[in-house]
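These notes concern the structure reproduced below.
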Amino acid sequence: MAEETLSSKKNILTRAGLKKLEDELNDLKVNKMQEISKKIGEAREQGDLSENAEYDAAKDEQRDIQARIEEIEGILKNAEVVDEEEGGTDKVNIGCRVRILDMTYNEENWFSIVGSTEASPLQGKISNESPVGHALIGQKVGDVVQVEVGDDTDSYKILEITRS
């Protein structure tokens, strides 16, 4: 049941995120699979496959590439693309960049709100499903949101909303 829910879950992507996944899928199918097929062929030419480390490594790499291809195809199958250009900047939504003031540490930060598939906190991209992202969705400039983090509650003030 949980797997069924997971596979039918919409994967929210920005246009840039969609293009990145499509480019990766194309690269995997066109380039990486050809490279790995060549490696497997070369390893087979070396003779006895039962003790051939290159062959085993190439087959493992082939499985990994195929698994990633299937993962991306599953994401794209259930993709819902949000147009970052649509909508205004009056409320936080997916595709927005938001400048916030972390009131606990008196620090300003910029975040882009994206779907969970594109989330990368180190690049300043937070998911709409993350605690902070979820709290920011639908809020306006000047609003203060409270986010529970473990036993603490952090406060963030929205300073600016722009389109990505």
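The values are calculated or read from the model by the stated rules, or taken from the named source; none is laboratory data. The model shown is predicted, which means the values in this text are computed figures rather than measured ones. In this analysis, Cβ positions are derived from the backbone assuming ideal geometry, glycine residues included, and neighbour counts consider all displayed protein chains. Ligands, DNA and RNA are excluded from the accessible area calculation, which covers all protein heavy atoms including side chains. Shrake-Rupley method; radii C 1.70, N 1.55, O 1.52, S 1.80 Å.
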Practice task
Residue by residue through segment 33-58, note down the ones that are among the aliphatic types (A, V, I, L, M) and either under 22 Å from E70 (Cα atoms) or in contact with an Asp or Glu (Cβ under 8 Å, 6 or more places away or on another chain) (or both).
Solution key: M33, I36, I40, A43, A57, A58
Handout entry: Residues that are under 22 Å from the mean Cα position of the chain (by Cα) and polar (S, T, N, Q), drawn from segment 27-82
Key = Q66, N78
Exercise for the section: Residue by residue through segment 133-149, note down the ones that are open to solvent by less than 70 Å² (accessible area, probe 1.4 Å) and outside any strand (DSSP E or B). Expected result: G133, A135, L136, I137, G138, Q139, G142, D143
Handout entry: Residue in segment 117-132 that is open to solvent by 60 Å² or more (accessible area, probe 1.4 Å), outside any strand (DSSP E or B) and in contact (Cβ under 8 Å) with a residue 12 or more places away in the chain present
Key = yes
Fill in the blank from the handout: Exactly one of E54, E61, E73 is in contact (Cβ under 8 Å) with a residue 40 or more places away in the chain, open to solvent by 60 Å² or more (accessible area, probe 1.4 Å), within 30 Å of K38 (Cα to Cα) and assigned to a helix (DSSP H, G or I), and that residue is E73
